[in-house]
Every structure is written in structure tokens, then in C-alpha cells.
Amino acid sequence: MTESSPVYVPPVQLESFTEFKKVARDAAVVVFSPEYLSSPFLDDDRRLRRLTVAAIGVDRRNIPLTFKFTVDHEQALQRHSGLDPSSAVSRMAAEIREELEYYGNVVQGSVESERPLGELLEARP
């Protein structure tokens, strides 16, 4: 009898939102994770720096995978060229969230995408 041990499969980073939408349909949950610019002033408005969406639990050959798509300033400015970078990311994030809510479970939060430290140390020779 062979022993089975869990195998870490890193998230698949997708380059286009069209590809991400295709896999998001099959996901157990989609996680919407905004990242904001830091400011030294407490009264500054929070400005969106980057948005990462992750489709978790997408079944591929009986293996649950995670797919990610990240929107940053460059992509947002290509789509919304008349806006400043932070506003362009905010607008694109709102559009993405609206589209993804149509497919099912969308939650805001973060996803641990690195291998656990214990697992990394165990694999070390």
C-alpha cells in the first residue's frame, strides 16, 4: 500500500480577464482582494493600487486548482485612458466585480497562495 501525501499546486496566473471568466464559472468561490496605496496621512482617501481575483476550487482532472488574475495600473489605463491610475483601477475593479457576481459566490478577502513554511522546511534536503 502506498502512502499519499498532499501535494502543493501553485495558483495558475492568467493573463486576460476573458480567460479568467471561463474558469470562474466552475469555481467553488471567487475571492476579490483589493490592495490599496499606503499613505502617511490618516485623512487621505484610500486609493486602489491593484486588484487580485482568485477562482478557488476549479476542478481540473479531479484536482481542485486555483486560478488568479491581477489588474494593475497598466491594464486599467489601457482600458480607461482618460483617468488617473488609481481611478482607472477602481473603475475596472467595479466592472470586474459586477461581472463576476453574475457567476456565483464572490467574497472579498485574501487567499494564502504560498506553500506553508513547514512544508518548505520539510522539503529542504
* In segment 88-104, which residue that is part of a helix (DSSP H, G or I) and free of Cβ contacts under 8 Å to residues at least 24 places away in the same chain is surrounded by the most Cβ atoms within 10 Å (Cβ to Cβ)? -> A88
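Out of the residues in segment 1-60 meeting the condition of being in a strand (DSSP E or B) and of a type in the set (S, T, N, Q), tell me which one is modelled with the highest pLDDT.
Q13
The values are calculated or read from the model by the stated rules, or taken from the named source; none is laboratory data. Computed from a prediction, not measured in an experiment: that's the story for all the values here. Cβ: placed from backbone, ideal geometry, glycine included. Neighbour counts: every protein chain shown.
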